[in-house]
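The structure appears below as structure tokens.
The values are calculated or read from the model by the stated rules, or taken from the named source; none is laboratory data. Small disclaimer: the values here were computed from a predicted structure and weren't measured. Counting neighbours? That spans all protein chains shown, and the Cβs are built from the backbone with ideal geometry, glycine included.
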Amino acid sequence: MANAHDAQELHAGLGAAEPCISPKFLYDALGSKLFEAICELPEYYPTRTEAAIFERHGAEIARVAGTGATMIDLGAGNCAKAAKLFPLLQPTQYVAVDISSEFTHDALARLRQRFPQIAMEALGMDFSNRFELPELVRAERRLFFYPGSSLGNFTPEQAHEFLMRLRAQCGSDGGILIGIDLAKDKATLDAAYDDALGVTAAFNLNILRHVNQLVDADFDIRQWRHHGFYNAARGRIEMHLEARTAQDVHWRGGARRFEAGDCIHTENSYKYQQADAIKLLERSGFEATRVWTDPQRWFAVIHAQA
Ligand code: AVJ
């Protein structure tokens, strides 16, 4: 069952002239596991490229970002990226924010055993719209940790608004450590979002299963096909689901007909030029202090202070 806000959002998206489902609905418990599997795929370079940057430059990242902060992990998932940085960043408090809260709760339970000196909280919430941290998150020295290039799910304008809101919540001396996927050749990008095993296809199709649960819809998943490709003109990956056949779909409070070939837009993932990512941060009130990239310049990790 969806909350009223999600139900309304789904209803509006499904009924729109250009139907869409927000990518946040990709992440139910199964979707989070499928995303973990995507991160293991040879074609999906972002996770391992970013991990290699953290691995190689971790000590310097910790020097620049500073130790002893409250580390707020946005879209924490299995918390693996943050956990690897704990020995270097030594946060006093770790706050794992994720829309898929049970998934993150389980991960956090294991982490508490390994790092008893760090106070840990899991927050199950959608931070994409409005975003206020509860009292339990300490206000001094907040370091937002936003890896994986999830910022790419926003349009650049939405990203700007989101970053301004983050900046306003940084507290004194706070900052952000963010991962940004950089623009690159189309073949590499196409393969990363349409892999040979079909894991990304399963991940995308799973959104329909999740929507069936959330608003009691009757999507027949076998009647839909995954598309994931780089739209170079718009500088973004697009994921769509295409109806294989004409069909009627119903959900709580609505219904519509899809003709064969009709598409539902499920995700954008913007790819940035490094200079544009820095401009975006600075336009949002941050000051970029340092950028780390891999030798191919496929991915950037940026630290910026509030
Ligand atoms: C988690 C949003 C960064 O855009 O690469 C992976 C999600 N979608 N494969 C991305 C995703 C399809 C991912 N982000």
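Data overview
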| item | result |
| --- | --- |
| Counted residues, region 27-38 - those being within 11 Å of the ligand (Cβ to nearest atom) and crowded, with 17+ Cβ neighbours inside 10 Å | 6 |
| Answer residue from region 270-300, given it is hydroxyl-bearing (Ser, Thr, Tyr) and within 16 Å of the ligand (Cβ to nearest atom) and is surrounded by the most Cβ atoms within 10 Å (Cβ to Cβ) among those | TYR270 |
| Residue, surrounded by the fewest Cβ atoms within 10 Å (Cβ to Cβ), within region 82-111, restricted to residues that are of a type in the set (Ser, Thr, Tyr) and assigned to a helix (DSSP H, G or I) | SER101 |
| Extreme residue, farthest from PHE154 (Cα to Cα), among residues of region 261-275 that are of a type in the set (Gly, Ala, Ser) and either in contact with a helix residue (DSSP H, G or I) (Cβ under 7 Å, 6 or more places away or on another chain) or not in a loop (DSSP other than H, G, I, E, B) (or both) | ALA275 |
| Qualifying residues in region 14-26 (those that are in a helix (DSSP H, G or I) and more than 15 Å from the ligand (Cβ to nearest atom)) - the one nearest to THR200 (Cα to Cα) | LEU14 |
| Out of ALA96, ALA83, sole residue that is under 21 Å from ARG138 (Cβ atoms), aliphatic (A, V, I, L, M), more than 16 Å from the ligand (Cβ to nearest atom) and in contact with a helix residue (DSSP H, G or I) (Cβ under 8 Å, 6 or more places away or on another chain) | ALA83 |
| Index of the failed condition, TRP251 passing every other in (1) touching a residue at least 40 places away in the same chain (Cβ under 8 Å); (2) within 16 Å of the ligand (Cβ to nearest atom) | (2) |
| Residue identified as out of contact with any Ser or Thr (no Cβ under 7 Å at 6 or more places or on another chain) and away from the ligand (no atom under 16 Å from the Cβ) among PRO156, PRO116, PRO91 | PRO116 |
| Which listed residue, of HIS226, HIS303, is under 24 Å from ARG56 (Cα atoms) and in contact with a helix residue (DSSP H, G or I) (Cβ under 9 Å, 6 or more places away or on another chain) | HIS303 |
| Output for region 256-279, where each listed residue is of a type in the set (A, V, I, L, M, F, W, C) and more than 29 Å from the chain's Cα centre (by Cα) | ALA260 |
| Test for LEU205: is it touching a Phe, Trp or Tyr at 6+ places or on another chain (Cβ under 9 Å), within 13 Å of the ligand (Cβ to nearest atom) and more than 23 Å from MET1 (Cβ to Cβ) | no |
| Checking GLU267 against (1) of a type in the set (D, E, K, R); (2) at positive phi; (3) within 16 Å of the ligand (Cβ to nearest atom), the condition it does not meet | (2) |
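Matching residues to (1) modelled with pLDDT of 95 or more; (2) surrounded by fewer than 21 Cβ atoms within 10 Å (Cβ to Cβ); (3) within 13 Å of the ligand (Cβ to nearest atom); (4) under 28 Å from GLY253 (Cα atoms):
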{"residue": "PRO147", "(1), (2), (3), (4)": "yes, no, yes, no"}
{"residue": "MET164", "(1), (2), (3), (4)": "yes, yes, no, no"}
{"residue": "GLY179", "(1), (2), (3), (4)": "yes, no, yes, no"}
{"residue": "VAL199", "(1), (2), (3), (4)": "yes, yes, yes, no"}
{"residue": "ASP220", "(1), (2), (3), (4)": "yes, yes, no, yes"}
